[in-house]
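To start, the structure itself, in structure tokens.
The values are calculated or read from the model by the stated rules, or taken from the named source; none is laboratory data. Keep in mind the model is a prediction, meaning the values are calculated, not measured. Glycine also receives a Cβ, built like all others from the backbone with ideal geometry; neighbour counts cover every protein chain displayed.
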Amino acid sequence: MKILSAITACLSGSVLLFSGAAFSADEAKQINGCEALTLGAAISLTGKYATNGIHAKNGYEFAISKISEAGGINIGDKCYNFDVIYYDDESKGDRGATLAERLINQDKVQYMLGPYSSGLTKAIAPVTEKYQIPMVEAEGASRSLFNKGYKYLFAVLSTSEQYLASAVALAAEKAEEAGKDASSVKIAVAVENDPFSLDIRAGVLEDAKKFGMKAVIDEKLPRDLSDMSAILTKVKLLKPDLLIVSGHSKGAATAVRQIGEMKINVPMIALTHCEAADVTGKFGDTANDILCSTQWAESLSYEDALFGTASNYEQEFKATFSDYDGKKVPYQSAQATAAVYVFKDAFERAGTTDKEAVREALTATDLQTFYGPIKFSEAGNNIAKPMVLRQIQDGEYNVVAPSAFASHKVNWPREAQ
Amino acid sequence: MDQILSNIGLLFEFPIVNLKILIDGLMIGALFALAAYGLALVWGVMNVKNLAQGDFVICGGYVAWYLAGLGLPPLMGVPAAFIIMWGIGWVCYKVVISRVIERDLFTSLLATFGLAIMIAQILNLLFGSDTQSIKLEYATLYFGENDFIDVPIAKLIGVCMAAVLAIGVIIFMKRSRMGQAIRATAQDARAARVLGIDTEKVYAFTFSLNSAICGAAGAIIVMVWLIQPFYGITYAIRSFVIVTAAGLGNLPGVIAAGLGIGALEQYGAHIFGIGYQQAIAVLLLLLVLVIRLIQQRRKRQSLQ
């Protein structure tokens, strides 16, 4: 089955290539009765980020079809529909940058959607900046993207230092409830050596410093991680009160597996990418009471006119893509959808397809979406939406922090499963 | 620096840590040794340095994982991977390796490097880039204070299977006709041909055997750790380090070096941080090469 789909993907790819060539001769391509408005995207369809790259692409595609169904984008008195040229960046930064150049110079793309991961976004942003191409991205959360003075980069997601910082606050709160001082909390941090995870570490250590907490373990995970027993052995010895692990899907999977095997007994464990690694499906009860950060959850009460509520989005998304049956729709898809939605909104407010006017409209974005509020800072990051912390409780992801959104109480301390 | 000192301090403060590190290290070392053993075979017999070694391991892992998904008992995945990877190895030999075997070193390095990239990408297209593992429903044994040492029975079974396989291959090489032919070819391919050994057949057999051993190692790895299409390089690097350290044609040496590297890496990871685990393997290689160089300084040798 997979083989078949891989072959059809290849075939349809080559067909697209030919049809693209044919259309470039024509004046304007029509989609669903509206004129095509071309966006470009270099995204990881192969390589180590392929899983999440495909989640993001599905998110883009879903938004485009929804917008098309709802009558397209109305700019002035004409209607448009998005048409995306995708290239596979193979999860490599240099490839991503080359493809961005190609999209802009050869395919004459005027607007870009972001790639997957902070590293790839970092590689592509200088290119879009050079050619002054507005890029709305949904998958690059590293804060180092937003201190370079980029003017054409907009991100719908919260920056990565916020991912697990709320776990520190939660640990402090629990320590105080137990009658101890917040500064007595010991923290163990194990993150991958990449821009995204290092931001998470920075965010956690900054917050820990505010409380006067001590980091007893502070290690970097290798890229090809399949065994972290050396760190977990130290965790057993040093008995931290909070264990933070971030290393994309493989980090989450390795951590949960070995935490179970080694009976790691830490009162609070917080990870990233739990959903993407499917830790509940793969490891069952072992994953219980682990905290997972998320950009978005379908149980949150956000909504908009196009996609309805967050839970409505999830249902329709699952109905469109059968791959997600019995799984959670990952936030990577939701935010990709939100990025396309932001573009639609900006085009309509700009009333023209002139890229400078669209950029101006993007800076003024103030949008309520199913994914959360979106409002860009000077630097281009979304400052309106908070991060959410969920806890796996009996195999379910329940929102436990921040308290304004919490639907459940946090289970603390975590018992070894 | 403080962290390194405190990590060393932990080793003395809690002596049991040493035991734990050793056990973990020997277990992973056993699997490194298996992959390295196959490499030593191919290197020694065919003089092909197979950079795709690690990808054969991962490929075997995916075979076992896929079959387990179809309902095959996970432990049966090991022989199944052995057989299927034998076939894949044979195809690889006929299509690629047989064409480069007589060429110089760089051609075969390039060819196997290409093979490695191909295998990783094909696995990625077929199965996606998610990490995969088989969860075995065996208990974990705990020893020591606070259950400090954990030995999952799955890991124990994996190590035993690795041992059985290694012993099986050693006996096969010593006793069987084919084993003798392989050793004869390794010593002098031309002489072997003169004496009527079909070296082409021996090469195909050796490469398939290597691929099958790697496949079995991969099937064990997927039961006790994780696999991902791009993890092959980890095992390839270890294999090269081990074979270089132990020397070709020194099977007990390969096994000892494999176990040793496993244990030393775990120590290194404990002291310097897990991020340096692979660096330590490479550093060990460097050390071994320097020592070898000093040892052989007085030997007269000619370049071939």
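Looking only at residues of the stretch B:90-129 that are outside any helix (DSSP H, G or I) and surrounded by fewer than 20 Cβ atoms within 10 Å (Cβ to Cβ), we find that the one that is nearest to the chain's Cα centre (by Cα) is B:ILE101. Here B:TYR142 passes the criteria (1) surrounded by fewer than 17 Cβ atoms within 10 Å (Cβ to Cβ); (2) out of contact with any Lys or Arg (no Cβ under 8 Å at 6 or more places or on another chain) except the one numbered (2).
For A:VAL235, the criteria (1) in contact (Cβ under 8 Å) with a residue 24 or more places away in the chain; (2) more than 17 Å from B:HIS270 (Cα to Cα) hold in every case but one, which is (2). If you go through the stretch B:1-49 and pick out every residue that is closer than 18 Å to B:GLY253 by Cβ, within 14 Å of chain A (Cβ to nearest Cβ) and hydrophobic (A, V, I, L, M, F, W, C), you end up with 5. Looking at A:GLY47, A:GLY76, just one residue is within 14 Å of chain B (Cβ to nearest Cβ) and at pLDDT below 90, and that residue is A:GLY47. Quick check, is B:VAL159 out of contact with any Pro (no Cβ under 9 Å at 6 or more places or on another chain), part of a helix (DSSP H, G or I) and in contact (Cβ under 8 Å) with a residue 40 or more places away in the chain? Spelling it out, B:VAL159 is indeed out of contact with any Pro (no Cβ under 9 Å at 6 or more places or on another chain), part of a helix (DSSP H, G or I) and in contact (Cβ under 8 Å) with a residue 40 or more places away in the chain. Residues in the stretch A:275-286: is at least one closer than 22 Å to B:ASP130 by Cβ and either at pLDDT 90 or above or part of a strand (DSSP E or B) (or both)? No, the stretch A:275-286 contains no residue that is closer than 22 Å to B:ASP130 by Cβ and either at pLDDT 90 or above or part of a strand (DSSP E or B) (or both).
The conditions of being surrounded by fewer than 20 Cβ atoms within 10 Å (Cβ to Cβ), under 20 Å from the mean Cα position of the chain (by Cα) and either of a type in the set (Val, Ile, Thr) or more than 14 Å from chain B (Cβ to nearest Cβ) (or both) are not met by A:THR294.
Taken over the stretch B:38-59, the residue count meeting the criterion of being surrounded by 24 or more Cβ atoms within 10 Å (Cβ to Cβ) and among the aromatic types (Phe, Trp, Tyr) is 1.
Among the residues making up the stretch A:139-157, those that are under 18 Å from A:ASP194 (Cβ atoms) and either among the aromatic types (Phe, Trp, Tyr) or assigned to a loop (DSSP other than H, G, I, E, B) (or both) are A:GLU139, A:GLY140, A:ALA141, A:SER142, A:PHE146, A:ASN147, A:LYS148, A:LEU157.
The single condition among (1) of a type in the set (Ser, Thr, Tyr); (2) closer than 21 Å to A:GLY351 by Cα; (3) touching a Lys or Arg at 6+ places or on another chain (Cβ under 7 Å) that A:SER68 does not meet is (3).
B:VAL222 satisfies every condition listed in (1) surrounded by 23 or more Cβ atoms within 10 Å (Cβ to Cβ); (2) more than 14 Å from every other protein chain (Cβ to nearest Cβ) except (2).
For the stretch A:271-290, filtered to residues that are closer than 23 Å to A:PRO402 by Cα and more than 17 Å from the chain's Cα centre (by Cα), the residue that is farthest from the other protein chains (Cβ to nearest Cβ) is A:ASP289. So B:ALA256 ticks every box in (1) at the interface with chain A (Cβ under 10 Å from one of its Cβ atoms); (2) surrounded by fewer than 17 Cβ atoms within 10 Å (Cβ to Cβ); (3) of a type in the set (Gly, Ala, Ser) but one. Which box is left unticked? All conditions pass for B:ALA256, except number (1).
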